[in-house]
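One structure is given below, encoded as structure tokens.
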Amino acid sequence: MGGSNELGDFLRSRRAALRPEDVGVRGYGVRRVPGLRREELAMLAGVSPTYYARLEQGLSTNASEAVIGSLARALGLGADERAHLFELARPRRSSGRRAPVVHDHAREGVLRLIGSMPGTPAVVLGGRSEVLGWNELGHRLVAGHLAFDGPWHVPDRPNLTRMLFLDGHTRELYRNWEEEARRAVASLRVLSGRNPEDLGLTELVGELTVKSAEFCDLWAGHPVERCVWGVKYFRHPEVGELDLSFEVLTPPDDSGHRVLLYTAASEAAVSGLAVSYTHLTLPTIR
């Protein structure tokens, strides 16, 4: 982001991850760096080494879909990585100006929806992983140490990715923090590929790169995954260990919002989160 050669960086990271023997290439000579050489990947993709070098260096920005598809196949990319490669190779036309950061808001209907599910922890996320709203159990599960009305204090609303790397309470919440961190960075890579001119997203990546060496290392590895379902392993300070399935639902509009829902094998597994809550009403947006 921020004018860097994202396409070239991504290609280099995936090229470095492949060993010649993994793709049937006979290696010759001493390799100064790990992975495939440029000319070896070009051969596998059926393009000239010179053309591939220009593509990786950011000097060619009009590669055909056939070429990008061939590179994806040669690199053995998964579905999410392949989609990300096409996003980087086919960026939206730039306006030439950075738009100011626009603070997003969840629709009232979505907030009412998650509020109508008292037994299911739910969180509404914006396009930068910022929290746009949550229900009582969602708040208690992921950020009980913060005020319930935090998402409605727009300038400093919680951000799940920032909290994961910079907030000690959140770090302790996950029993497998390393995997959770990798997921968060992989998801952020997807978002950055889709929205390369989002100034707020660029600022978030810059802040985390400066403040967290762990984020910096993960970001440099270019993990890419949409992370829309799976299991999260919690060590909750009030109810102990929880293994919760999660699903990410995307509203059928262009808002970029996501609704994160957590479920358990039995309602009793999350019932402890509900204790000591009094009735809460949605705060006024500021």
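Below are the figures for this structure:
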quantity	calculated
Pair list, Cβ under 6 Å, 6 or more apart: the stretch 143-162 residue in contact (Cβ under 8 Å) with a residue 40 or more places away in the chain and closer than 20 Å to Val239 by Cβ, other residue not aromatic (Phe, Trp, Tyr) and not in a helix (DSSP H, G or I)	Phe148/Leu280
Identity of the residue in the stretch 199-219, free of Cβ contacts under 8 Å to residues at least 60 places away in the same chain and among the hydrophobic types (A, V, I, L, M, F, W, C), that ends up most open to solvent (accessible area, probe 1.4 Å)	Val210
Members of the stretch 48-79 found to be among the hydrophobic types (A, V, I, L, M, F, W, C), under 14 Å from Gly8 (Cα atoms) and free of Cβ contacts under 8 Å to residues at least 24 places away in the same chain, listed by number	Ala53, Leu59, Ile68, Ala72
Tally, over the stretch 128-144, of residues that are outside any strand (DSSP E or B) and over 18 Å from the mean Cα position of the chain (by Cα)	9
Glu247 touching a helix residue (DSSP H, G or I) at 6+ places or on another chain (Cβ under 8 Å), of a type in the set (Asp, Glu) and at pLDDT 90 or above	no
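The values are calculated or read from the model by the stated rules, or taken from the named source; none is laboratory data. Keep in mind it's a predicted model, so treat the numbers as computed, not measured. Heads up, the Cβs are rebuilt from the backbone with ideal geometry, glycines too, and the neighbour counts pull from every protein chain shown. Each accessible area value is taken on the protein alone, full model and side chains, heavy atoms only, with ligands, DNA and RNA left out. Shrake-Rupley method; radii C 1.70, N 1.55, O 1.52, S 1.80 Å.
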